[in-house]
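Down below is the structure, laid out as structure tokens.
The values are calculated or read from the model by the stated rules, or taken from the named source; none is laboratory data. Quantities reported herein were computed from a predicted structural model and do not represent experimental measurements. Methodologically, a virtual Cβ is constructed for each residue, glycine included, from the backbone with ideal geometry; neighbour enumeration extends over all protein chains shown.
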Amino acid sequence: MECTSALRSREGGAFFPRPTMNSAENSQIRRATPADVPVLASLRFEFRSRRKNPVETAAEFIPRCIDWMRPRVADESRWRVWVLEHDGGIVGNIWLELIEKLPNPNVERETHGYVTNFFIRPERRNLGAGSRLLKAVLDECERAHVDSVFLWPSDRSRPLYERHGFVPSSDIFVLERDQETAGATGDHP
């Protein structure tokens, strides 16, 4: 989506759109590679430490996260990752986990998609990149014949998801485990 500003016409006072410099023009979406993993781990720390006080320092967390991410980015059997690059640096990412369902004897797709770790640095938000990242995931879900796509939205992100067709579901039960100890052992996304 291109930002525009209005110019008043001398002829009739009408407004005409005029292209403006959209900083999103200098950004691109691409699949992550194993070389991106250190930056992805740093973004993960930045994202999650803003939500709650971390129980690990960045120096402790990032190497552990790199060890977890590296094989998952390299082997695309379950995980897919996209990055948002701006002026040559990664400023956002989104992760998709493909979850197999048990086989069905009827016409029903046999994979779910779990969207997680969707983060864009604050200075790059509200420029259309979030929609572009989410569209990349939803396009992949279509290619992978995903049945349902699910996620846990923040209050701030709900309008974005709703614009892309997501709706709250009353068909799922969730048991949330003890949040105070889960993060220290890596049990919580």
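Conditions first: (1) hydrophobic (A, V, I, L, M, F, W, C); (2) more than 26 Å from A74 (Cβ to Cβ); (3) assigned to a loop (DSSP other than H, G, I, E, B); (4) touching a Gly at 6+ places or on another chain (Cβ under 6 Å). V146 passes all but one, so which condition is the exception?
It is condition (2) that V146 fails.
If I ask for residues that are charged (D, E, K, R) and either in contact with a Gly (Cβ under 7 Å, 6 or more places away or on another chain) or part of a loop (DSSP other than H, G, I, E, B) (or both), which ones from region 82-124 would you list? Lay out the reasoning, then the answer.
Keep residues of region 82-124 that are charged (D, E, K, R), which gives 85, 87, 97, 100-101, 108-110, 121, 123-124.
Residues satisfying the conditions are D87, K101, E108, R109, E110, R121, R124.
Among the listed residues L175, L127, which satisfies the condition of being surrounded by 15 or more Cβ atoms within 10 Å (Cβ to Cβ), modelled with pLDDT of 90 or more and either part of a strand (DSSP E or B) or of a type outside the set (G, A, S) (or both)? Outline the logic, then answer.
Details: L175 fails: surrounded by 15 or more Cβ atoms within 10 Å (Cβ to Cβ).
Criteria check complete, one pass: L127.
Is there a residue being free of Cβ contacts under 8 Å to residues at least 40 places away in the same chain, more than 23 Å from L175 (Cβ to Cβ) and basic (K, R) anywhere in region 110-121?
Checking region 110-121: not a single residue is free of Cβ contacts under 8 Å to residues at least 40 places away in the same chain, more than 23 Å from L175 (Cβ to Cβ) and basic (K, R).
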